[in-house]
Every structure is written in structure tokens, then in C-alpha cells.
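What follows is one structure encoded as C-alpha cells, with my remarks underneath.
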Amino acid sequence: MTYKLLLTPGDGIGPEVIEDTKRVLGWFAKNRNMAFETEEAAIGGIAYETLGTPEPDATIEKAKKADAVLFGAVGGPQWDKLPFDKKPERGLLRLRKDLGLFANLRPAICFDALKDASSLKPELVSGLDILIVRELTGGVYFGEPKEITTLADGQQRAVDTQVYTTSEIERIARVAFELARVRGNKVCSAEKNNVMVSGVLWKQVVQKVHDAEYPDVALSHMLADAMAMQLVRAPKQFDVIVTDNLFGDILSDEAAQLTGSLGMLPSASLGAKDADGKQLALYEPIHGSAPDIAGKGVANPIACILSFAMCLRYSLGRGEDATLLEKAVERALAEGYRTPDIMQDGMTKVGTAEMTAQIMKALDKST
Ligand code: IPM
Ligand code: MG
């Protein structure tokens with residue numbers, strides 16, 4: 001079986017972590033009876049520099065044809081002054097929108113080896129395993145109007161629009177309920193129905209989908225601000241969290257930090273299955289471009305490598321291989337290897353390439 005993967009390294013540490021993930025791909029090709037056809041395409045700041053746009057049409061088209069996209073990161077201070085529509089982030093947002101990647105899966109898992117790295121007490125986070133299901137193609141990120149206009153009195157007025165339709169809420173709710181069924185069977189939905197009508201509709205629709213199709217799953221609702229508080233008070237009460245694009249952006253950063261390091265966490269962005277069963281997908285470390293450490297060979301490759309594990313599971317139907325890779329990451333951590341972002345006393349500090357080498361060694365040992 002040959003899988004077609006599009007690699008979009010992007011900016012900052014993106015190229016470094018993608019490079020190392022390619023080595024892991026090579027391990028699976030060699031040892032696990034699978035073949036990859038990979039191609040690289042420009043996105044973000046580097047695409048702006050070389051092609052004049054952060055969202056090249058050619059990249060979008062290639063992404064639509066691939067079995068999956070492995071995305072590095074976009075952005076950096078050198079592009080801060082660009083106009084809004086030329087910013088590196090546009091590339092990522094267009095990929096999400098044009099590929100219809102409405103379901104963003106962001107696991108926040110606390111690896112046992114790292115429970116002391118969290119800013120919370122170890123007993124609060126040890127064993128933590130939350131899955132945030134974030135709506136990714138609607139809400140205030142894409143709602144129209146989205147503009148800055150000048151008023152008669154000379155001041156400016158900025159508008160973003162928060163908008164959701166029934167079907168947009170239904171489909172993300174279904175993703176959350178389906179995933180809950182194969183985990184802890186619990187969903188908590190977050191919105192702000194006390195101030196936003198989009199929140200009123202969100203809550204109603206999630207409840208309706210639950211009652212009609214998933215009565216076996218335990219559903220609760222929480223205001224998004226209360227959830228932000230509960231995530232640091234007692235994070236282990238959550239199993240699957242479902243929420244909109246903006247709340248999901250914020251709550252997933254918070255959940256990620258609970259686990260000790262942003263450098264550890266992967267994500268998957270999935271579209272709907274078409275009539276032939278093909279589902280567009282993009283896999284991405286959630287850490288971003290980290291320009292301060294780019295090019296130094298010290299970036300933590302784990303989030304990107306675990307994103308490939310999610311790709312194995314969700315796009316390539318290779319759940320066993322995904323587990324193999326996740327276990328290898330855990331083993332390398334248990335053996336004490338740490339990149340600087342997760343370094344602790346008594347551990348062995350390694351750079352990007354050495355961390356990857358240790359994960360591949362752990363893979364060797366496991367087969
Ligand atoms: C994320 C990021 C993006 C977002 C940025 C880079 C556009 O913060 O994936 O969480 O806001 O969605
Ligand atoms: Mg974010």
C-alpha cells in the first residue's frame with residue numbers, strides 16, 4: 001500500500017520537525033510493510049518570500065490530492081508588519097477552509113515521565129487524557145462581515161462575526177460523540193449561551209444530536225469561562241470536550257500546558273468522508289513556529305512525530321502502527337531523553353535529531 005503525503009514544513013522550527021518526522025516515516029516504510037510517496041510544498045511566511053503569497057493555489061491543490069498533509073508550522077516576527085491578508089497564518093487558515101477540515105482533534109495527554117513538568121501539581125495531571133474536539137472552519141474565524149471601516153466621525157470600527165448553522169454544529173457534535181464512544185464515553189460541550197445567541201443554538205443542537213443519536217454517551221454543558229477554570233482546578237473530570245473555533249483555540253492551549261509542554265502535543269484536522277470514503281486530513285504539531293529556537297537543532301520533534309501517529313490512525317487505517325509509535329515515544333521519555341523544553345534534573349538533554357534517533361531505537365526494540 002502506497003500512501004501519498006504532502007509535507008508543508010513552513011516556518012521557524014517547522015522544517016526541522018518535519019525533517020525528523022520524515023526519518024520516522026522511513027522507519028515505517030522499511031519495517032512495517034508500507035510505502036510513502038512524499039512531496040513538499042510551500043506555505044506561510046516562506047511561501048510569501050518565495051512566491052509572494054502565504055497561501056499558494058498549487059499547495060492547496062496538492063493538499064486536496066494527498067492522502068494526508070503533514071504540516072510543520074507558520075509564522076515569525078519578520079512577518080508581523082505584513083498586511084492581514086499576507087500574514088503566514090493565512091496559509092493555514094485557507095488549507096483548513098478549502099479542504100473543509102471542520103473537525104480538529106487535540107489530545108492533551110500527560111505522559112507519566114513528564115508529570116512533574118506540568119505547572120500543576122503532579123496528582124492533578126498524572127494520567128490526564130483529554131480530547132478537545134474543536135470546530136475548525138466556522139465561527140468567528142471565518143464569519144462575514146470581517147472588516148475595519150471608517151466611520152463618519154473619523155474613528156475606525158472593526159467587526160468579526162461569530163456565526164454557526166445547525167448543520168455545522170451537528171457534524172462536529174457527531175465527531176465528538178463518536179470519539180467519546182471509543183474512549184471514556186463522556187462529552188462536555190462548551191459555549192457562552194449566557195451572552196451569545198450562537199451559544200444558545202450550539203447548546204440546543206448538541207443536546208438534540210445527543211438525545212436522538214447518542215443517548216448512551218454522558219453529555220454535560222459548561223460555559224466556556226467556567227471550563228477554563230475547571231481545566232486548571234480538576235482537569236481529569238473531562239474526557240471529550242467539544243467547542244467552537246475560538247473557544248477551542250483558547251481552551252486547547254490551556255489544556256496543552258497542563259501536560260507540561262506544548263512541544264509534546266499533536267493534532268489532527270479532518271474533513272467529511274466523501275462518497276468513495278476519502279477524507280481530507282491535515283496533521284500538525286500544536287506548538288507553532290517557535291522562532292526563538294529555530295535553526296538551532298533543539299526543537300522538540302515529539303509533537304510532529306505524534307502527529308504522524310495520528311495520521312497513521314485516522315488517515316491510513318494503521319491503528320496498530322500508531323500505537324507502536326506512541327509507545328516508542330513514551331519509552332524514549334522513560335529512558336530519560338529530553339529536549340531542552342522538557343528538560344528535568346537527572347535526565348539526558350538531547351537535541352532534535354538525537355531525540356528522534358532515540359524514538360527510532362525504541363521502535364527497533366519494540367518489533
Ligand atoms: C492554532 C493556532 C492558529 C489558530 C493560528 C496560527 C492561526 O493558534 O492552530 O491553534 O488560531 O487556529
Ligand atoms: Mg491556537
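The values are calculated or read from the model by the stated rules, or taken from the named source; none is laboratory data. Just so it is clear, the model here is predicted, and its values are computed rather than measured. Glycine gets a Cβ as well: all are built from the backbone with ideal geometry, and neighbour counts include every protein chain shown. Just the protein is used for accessible areas: all its heavy atoms, side chains included, with ligands, DNA and RNA removed. Shrake-Rupley method; radii C 1.70, N 1.55, O 1.52, S 1.80 Å.
The table below lists the values:
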item	result
Residue ranges of strands (runs of 3 or more DSSP E) in segment 218-327 with at least 2 members within 16 Å of ligand 1 (Cβ to nearest atom)	240-243, 268-273, 279-283
Selection count where residues are open to solvent by less than 10 Å² (accessible area, probe 1.4 Å) and aromatic (Phe, Trp, Tyr), scope segment 295-332	1
Close pairs from segment 342-362: first within 13 Å of ALA113 (Cβ to Cβ), partner modelled with pLDDT under 95 and assigned to a loop (DSSP other than H, G, I, E, B), Cβ under 7 Å, at least 6 apart	ILE342/ALA117; ILE342/GLY260; ILE342/SER261; GLN344/ASP116; GLN344/ALA117
Residue that is farthest from ligand 2 (Cβ to nearest atom), among those in segment 262-275 that are more than 25 Å from MET355 (Cβ to Cβ) and aliphatic (A, V, I, L, M)	ALA275
Boolean, PHE71 is of a type in the set (Phe, Trp, Tyr) and either within 16 Å of the chain's Cα centre (by Cα) or closer than 24 Å to PRO291 by Cβ (or both)	yes
Odd one out for LEU280 among (1) in contact with a Pro (Cβ under 7 Å, 6 or more places away or on another chain); (2) farther than 30 Å from LEU333 by Cβ	(1)
Of all residues in segment 259-275 being surrounded by fewer than 23 Cβ atoms within 10 Å (Cβ to Cβ) and at pLDDT below 90, the one that is farthest from ALA117 (Cα to Cα)	LEU262
Identity of the residue in segment 253-296, among the hydroxyl-bearing types (Ser, Thr, Tyr) and touching a Ser or Thr at 6+ places or on another chain (Cβ under 8 Å), that ends up farthest from GLY127 (Cα to Cα)	TYR283
Boolean, SER118 is away from ligand 1 (no atom under 13 Å from the Cβ) and under 22 Å from GLY263 (Cα atoms)	yes
PHE28 vs. criteria surrounded by 21 or more Cβ atoms within 10 Å (Cβ to Cβ) and either in a helix (DSSP H, G or I) or among the aromatic types (Phe, Trp, Tyr) (or both)	yes
Residues satisfying the stated conditions in segment 25-70, i.e. within 19 Å of LEU312 (Cα to Cα) and of a type in the set (Val, Ile, Thr)	THR38, VAL69
Given (1) surrounded by 24 or more Cβ atoms within 10 Å (Cβ to Cβ); (2) under 27 Å from CYS188 (Cβ atoms), number of the condition ASP249 does not satisfy	(1)
Residues located in segment 276-290, provided they are modelled with pLDDT of 95 or more and away from ligand 2 (no atom under 16 Å from the Cβ)	GLN279, LEU280, ALA281
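Quick grid of which residues meet (1) among the charged types (D, E, K, R); (2) in a loop (DSSP other than H, G, I, E, B); (3) surrounded by fewer than 19 Cβ atoms within 10 Å (Cβ to Cβ):
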| position | (1), (2), (3) |
| --- | --- |
| ILE130 | no, no, no |
| VAL133 | no, no, no |
| LYS146 | yes, no, yes |
| THR149 | no, no, yes |
| ASP153 | yes, yes, yes |
| ALA158 | no, no, yes |
| VAL163 | no, yes, yes |
| ILE169 | no, no, no |
